[in-house]
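Colleague: This structure is in structure tokens; I'll ask about it shortly.
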Amino acid sequence: MSDIRLRVEHIEKSFPGVHALKDVSFSVERGHVHALCGENGAGKSTLMKIVNGLYQPDAGTIYIDGRPVQIKTPLDAQAHGIAMIAQELNYVPHMSVAENFFIGRLPTKGPRVDWHMVKTEARRILTEEGLSIDPDQKLRTLTVSEIQMLEILRAVHTGADIIIMDEPTSAIAEREVEALFAKIGVLKDRGVSIVYISHKMDEVFQVADEITVLRDGAVVSTDPASAITFDDVVSRMVGRKLDQQFPKWSLPMGEVVFKATGLGLARTFDGISLEVRAGEIVGLVGLVGAGRTEVVRSIFGLDPLDCGRIEVNGQPVHLGTPERAIKAGIAMLSEDRRLYGIVPKLSVKKNATLAALSRVVFGGMSHSRVENQLVEDYFTRMNVRTPSLETWIQALSGGNQQKVLFAKWLLTEPTVLLLDEPTRGIDVGAKYEIYKLMTELAGQGKGIIMISSELPEVMGMCDRVYVMSQGRLAGELARQDFSQETILKYAMSELG
């Protein structure tokens, strides 16, 4: 019996204006982790959506255990033992945790759903995995990290023996990453085959047995992970060598452009005071649940503050709504671009100008020529890859969607940028472009507050760091004092 569990041969796929996959072939052995690496838009997610039945290939064949199969729907994939954890989380906000575990396979007792079994099994799974989440809790009340962990557990507990993990650690904490890798080890021992997609190269080399690199929809190489290096993979992905990982240079600091004093929100965070100077990139870090995202959401007016004072360019401002924040010169890039960022069925052009309509609608008219020129200028500057300005944004890769959202907020001409996980789910080439853009913006006198769960990114890009723990500030560090150990010490501190 062959050790090849999954094989795809000569897969082709095109969308309007995009040749997404070009004669792609690769295989996954039983009990192995096969990593797919490539820039955003290289075709990784498209290929896996074909394997999972979400897309149909234009040409090519899928084999399971050496037999050709047709996978026309995700239910077909499930019948063949395939489960997929998608990069963009797909969930029903008003569904309970227990319902989420059994979606598409609810157990029945006679003509009715056996809800007792659903809740009992969900509670057992959560207890086994050490998650203190109520099975009756609605998904909308959970964090992105918690939802992503539930998606991983749902895939694992369907009994699938081919599991596709597309950016499974993009929104989970280090402790949860370790638990996931331990789970992957157990699954491998059971003979489960895993396709692992990640832009985090340290993870890839930690878990992968083989690595396939895609570029522009075609396979560049497939090698045992032990036979290639980080630099090999990156250069094959981007088709060039990156001079440095973090293009950050020292800039003269200007006056304080943003100051927050004594910010508080009941049962969420308290006593938050911080400031940012012109030309400064300031990190706001902490473990999942520390309150980082909640702080910037409140600053931007998405959640009402109970107390505190905010100043922009030395002047007190009364926020409370995103509209007021934008008028005050504050912009916010959300951690969840699918839920809070893009409007999927609007064009990339309309997504880009959505927050700055006054620049393209004036005199009672919408000025298409002005709008096109503005968007083209920003897209050129940010290297946004799109078939046209009229393409729906949902057709773009995650990295290009993120760059469109950057353009959207830059069109508002902000003084302060709040960036919540700005490189989440973005490949190393696109990350490099985002880092360069952040440094250029700082050079123009913008103040930037960045939330990131990747400590190397924080230490590579920030001038100062505020560390949060349990909804409060636990420490402040200057660049010369950065170390992962020190940041984690503050992040894990118990505050009275």
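The values are calculated or read from the model by the stated rules, or taken from the named source; none is laboratory data. Everything numeric in this text was worked out from a predicted model, so none of it was measured. Every residue, glycine among them, receives a Cβ derived from its backbone with ideal geometry; neighbour counts consider all protein chains shown.
Colleague: Quick one: ARG309 ticks every box in (1) in a strand (DSSP E or B); (2) surrounded by 16 or more Cβ atoms within 10 Å (Cβ to Cβ); (3) basic (Lys, Arg) except a single one, so which number is it?
Modeller: (2)
Colleague: Go over the candidates LEU287, LEU265, LEU305, LEU251 one by one and state the one that is touching a residue at least 40 places away in the same chain (Cβ under 8 Å), over 22 Å from the mean Cα position of the chain (by Cα) and closer than 28 Å to TYR432 by Cα.
Modeller: Testing whether each residue is touching a residue at least 40 places away in the same chain (Cβ under 8 Å), over 22 Å from the mean Cα position of the chain (by Cα) and closer than 28 Å to TYR432 by Cα leaves just LEU251.
Colleague: Another question, if that's okay. Applying the selection to segment 40-65, what residues are touching a residue at least 60 places away in the same chain (Cβ under 8 Å), in contact with a strand residue (DSSP E or B) (Cβ under 7 Å, 6 or more places away or on another chain) and part of a loop (DSSP other than H, G, I, E, B)?
Modeller: The answer is ALA42, GLY43, ASN52, ASP65.
Colleague: From the set of residues in segment 351-370 that are surrounded by 13 or more Cβ atoms within 10 Å (Cβ to Cβ) and over 14 Å from VAL404 (Cα atoms), which is farthest from the chain's Cα centre (by Cα)? Before you say what the answer is, go through the steps one by one.
Modeller: Of segment 351-370, the ones surrounded by 13 or more Cβ atoms within 10 Å (Cβ to Cβ) are 351-357, 359-361, 367, 370.
Keeping just the survivors that are over 14 Å from VAL404 (Cα atoms) gives 357, 359-361, 367, 370.
Details: LEU357: 27, ARG359: 30, VAL360: 30, VAL361: 32, HIS367: 34, VAL370: 32 Å.
Among those that are surrounded by 13 or more Cβ atoms within 10 Å (Cβ to Cβ) and over 14 Å from VAL404 (Cα atoms), it is HIS367.
Colleague: Now a separate question. Among the residues of segment 98-107, is there at least one that is of a type in the set (S, T, N, Q), in the same structural domain as LEU150 (by TED's automatic domain parsing) and in contact (Cβ under 8 Å) with a residue 24 or more places away in the chain? Before you say what the answer is, go through the steps one by one.
Modeller: At the first step, the residues of segment 98-107 found to be of a type in the set (S, T, N, Q) are 100.
Still in the list and also in the same structural domain as LEU150 (by TED's automatic domain parsing): none.
No, because not a single residue in segment 98-107 is of a type in the set (S, T, N, Q), in the same structural domain as LEU150 (by TED's automatic domain parsing) and in contact (Cβ under 8 Å) with a residue 24 or more places away in the chain.
Colleague: Residues of segment 192-224 being polar (S, T, N, Q) and crowded, with 23+ Cβ neighbours inside 10 Å, which ones?
Modeller: Initial filter on segment 192-224 (polar (S, T, N, Q)): 193, 198, 206, 212, 221-222.
Scanning segment 192-224 gives SER193, SER198, THR212.
Colleague: Additional query: Quick test for you: out of GLY447, GLY475, pick the one residue that is farther than 20 Å from LEU251 by Cα and in contact with a Lys or Arg (Cβ under 9 Å, 6 or more places away or on another chain).
Modeller: Working: GLY447 fails: farther than 20 Å from LEU251 by Cα.
GLY475 is the lone residue from the list that is farther than 20 Å from LEU251 by Cα and in contact with a Lys or Arg (Cβ under 9 Å, 6 or more places away or on another chain).
Colleague: If you check ALA325 against the conditions, is it touching a Phe, Trp or Tyr at 6+ places or on another chain (Cβ under 8 Å), outside any loop (DSSP other than H, G, I, E, B), within 23 Å of VAL144 (Cα to Cα) and not aromatic (Phe, Trp, Tyr)? Before you say what the answer is, go through the steps one by one.
Modeller: Working: touching a Phe, Trp or Tyr at 6+ places or on another chain (Cβ under 8 Å): yes; outside any loop (DSSP other than H, G, I, E, B): yes; within 23 Å of VAL144 (Cα to Cα): no; not aromatic (Phe, Trp, Tyr): yes.
In short, no.
Colleague: Mind checking whether some residue in segment 238-258 is closer than 16 Å to ALA331 by Cα and basic (Lys, Arg)? Can you show your working first?
Modeller: Narrowing segment 238-258 to residues closer than 16 Å to ALA331 by Cα: 257-258.
If we keep only those that are basic (Lys, Arg) as well, we get none.
No; the residues of segment 238-258 include none that is closer than 16 Å to ALA331 by Cα and basic (Lys, Arg).
Colleague: A further question on this structure: Before we move on, is PHE258 surrounded by 18 or more Cβ atoms within 10 Å (Cβ to Cβ), within 29 Å of TYR91 (Cβ to Cβ), touching a residue at least 60 places away in the same chain (Cβ under 8 Å) and among the aromatic types (Phe, Trp, Tyr)?
Modeller: Values: surrounded by 18 or more Cβ atoms within 10 Å (Cβ to Cβ): yes; within 29 Å of TYR91 (Cβ to Cβ): no; touching a residue at least 60 places away in the same chain (Cβ under 8 Å): yes; among the aromatic types (Phe, Trp, Tyr): yes.
It is false that PHE258 is surrounded by 18 or more Cβ atoms within 10 Å (Cβ to Cβ), within 29 Å of TYR91 (Cβ to Cβ), touching a residue at least 60 places away in the same chain (Cβ under 8 Å) and among the aromatic types (Phe, Trp, Tyr).
Colleague: Restrict the check to segment 335-355 and report whether at least one residue is outside the structural domain of VAL144 (by TED's automatic domain parsing), within 20 Å of ILE448 (Cβ to Cβ), at pLDDT 85 or above and not hydrophobic (A, V, I, L, M, F, W, C).
Modeller: no
Colleague: Does segment 386-398 contain any residue that is farther than 28 Å from MET253 by Cβ and without any contact (Cβ under 8 Å) to a residue 40 or more places away in the chain? Break it down into steps so the answer makes sense when it comes.
Modeller: Keep residues of segment 386-398 that are farther than 28 Å from MET253 by Cβ, which gives 386-398.
With the extra rule that they be without any contact (Cβ under 8 Å) to a residue 40 or more places away in the chain, the set shrinks to 386.
Yes, some residue in segment 386-398 is farther than 28 Å from MET253 by Cβ and without any contact (Cβ under 8 Å) to a residue 40 or more places away in the chain.
Colleague: Here are ALA182, ALA155: which of them is over 30 Å from VAL18 (Cβ atoms), modelled with pLDDT under 90 and of a type in the set (Gly, Ala, Ser)?
Modeller: On the way: ALA155 fails: over 30 Å from VAL18 (Cβ atoms).
ALA182 is the lone residue from the list that is over 30 Å from VAL18 (Cβ atoms), modelled with pLDDT under 90 and of a type in the set (Gly, Ala, Ser).
Colleague: Could you list, in sequence order, the residues of segment 204-219 that are closer than 20 Å to PRO456 by Cβ and not in a loop (DSSP other than H, G, I, E, B)?
Modeller: Going residue by residue through segment 204-219, those that are closer than 20 Å to PRO456 by Cβ are 204-208.
Scanning segment 204-219 gives VAL204, PHE205, GLN206, VAL207.
Colleague: Within segment 405-419, does at least one residue satisfy the condition of being touching a helix residue (DSSP H, G or I) at 6+ places or on another chain (Cβ under 6 Å), surrounded by 24 or more Cβ atoms within 10 Å (Cβ to Cβ), at pLDDT 85 or above and not in a helix (DSSP H, G or I)?
Modeller: Yes: segment 405-419 contains one or more residues that are touching a helix residue (DSSP H, G or I) at 6+ places or on another chain (Cβ under 6 Å), surrounded by 24 or more Cβ atoms within 10 Å (Cβ to Cβ), at pLDDT 85 or above and not in a helix (DSSP H, G or I).
Colleague: Continuing with this model, one more query. Quick one: would you say ALA218 is hydrophobic (A, V, I, L, M, F, W, C), at negative phi and more than 22 Å from the chain's Cα centre (by Cα)? Let's see the steps before the verdict.
Modeller: Numbers: hydrophobic (A, V, I, L, M, F, W, C): yes; at negative phi: yes; more than 22 Å from the chain's Cα centre (by Cα): yes.
Criteria met by ALA218.
Colleague: Do we have any residue at all in segment 231-250 that's over 30 Å from LEU36 (Cα atoms) and in a loop (DSSP other than H, G, I, E, B)? Outline the logic, then answer.
Modeller: Of all residues in segment 231-250, those over 30 Å from LEU36 (Cα atoms) come to 249-250.
Filter once more, keeping what is in a loop (DSSP other than H, G, I, E, B): 249-250.
Yes, because at least one residue in segment 231-250 is over 30 Å from LEU36 (Cα atoms) and in a loop (DSSP other than H, G, I, E, B).
Colleague: Right, another one. Please go through segment 435-454 and pick out each residue that is more than 15 Å from ALA278 (Cα to Cα) and either modelled with pLDDT under 85 or crowded, with 20+ Cβ neighbours inside 10 Å (or both).
Modeller: Residues satisfying the conditions are TYR435, ILE451, SER452, SER453, GLU454.
Colleague: Mind checking which pairs have a first residue in segment 138-163 that is closer than 19 Å to VAL51 by Cα and part of a helix (DSSP H, G or I) and a second that is among the small types (Gly, Ala, Ser) and modelled with pLDDT under 85, Cβ under 9 Å, 6 or more apart or different chains?
Modeller: Here the result reads GLU151/ALA86, each pair linking segment 138-163 to a residue that is among the small types (Gly, Ala, Ser) and modelled with pLDDT under 85.
Colleague: Just to be sure, is VAL348 within 22 Å of the chain's Cα centre (by Cα) and buried (at least 18 other Cβ atoms within 10 Å of the Cβ)?
Modeller: Values: within 22 Å of the chain's Cα centre (by Cα): yes; buried (at least 18 other Cβ atoms within 10 Å of the Cβ): yes.
Against the criterion (within 22 Å of the chain's Cα centre (by Cα) and buried (at least 18 other Cβ atoms within 10 Å of the Cβ)), VAL348 qualifies.
Colleague: Condition test on THR222, is it polar (S, T, N, Q), in contact with a strand residue (DSSP E or B) (Cβ under 7 Å, 6 or more places away or on another chain) and not in a helix (DSSP H, G or I)? So that I can check it myself, show each step before the final result.
Modeller: Values: polar (S, T, N, Q): yes; in contact with a strand residue (DSSP E or B) (Cβ under 7 Å, 6 or more places away or on another chain): yes; not in a helix (DSSP H, G or I): yes.
Judged against the criteria, THR222 is a match.
Colleague: Suppose we filter segment 451-496 for residues that are among the hydroxyl-bearing types (Ser, Thr, Tyr), under 25 Å from the mean Cα position of the chain (by Cα) and part of a loop (DSSP other than H, G, I, E, B); how many remain?
Modeller: Qualifying residue count, segment 451-496: 3.
Colleague: Considering only residues that are closer than 20 Å to LEU488 by Cα, assigned to a helix (DSSP H, G or I) and not hydrophobic (A, V, I, L, M, F, W, C), which ones fall in segment 174-203?
Modeller: GLU174, ARG175, GLU176, GLU178, ASP202, GLU203 - these are the residues of segment 174-203 that are closer than 20 Å to LEU488 by Cα, assigned to a helix (DSSP H, G or I) and not hydrophobic (A, V, I, L, M, F, W, C).
Colleague: Applying the selection to segment 2-37, what residues are at positive phi and modelled with pLDDT under 90?
Modeller: First pass over segment 2-37, keeping only residues at positive phi: 10, 17, 23, 31.
Residue satisfying the conditions is GLY17 alone.
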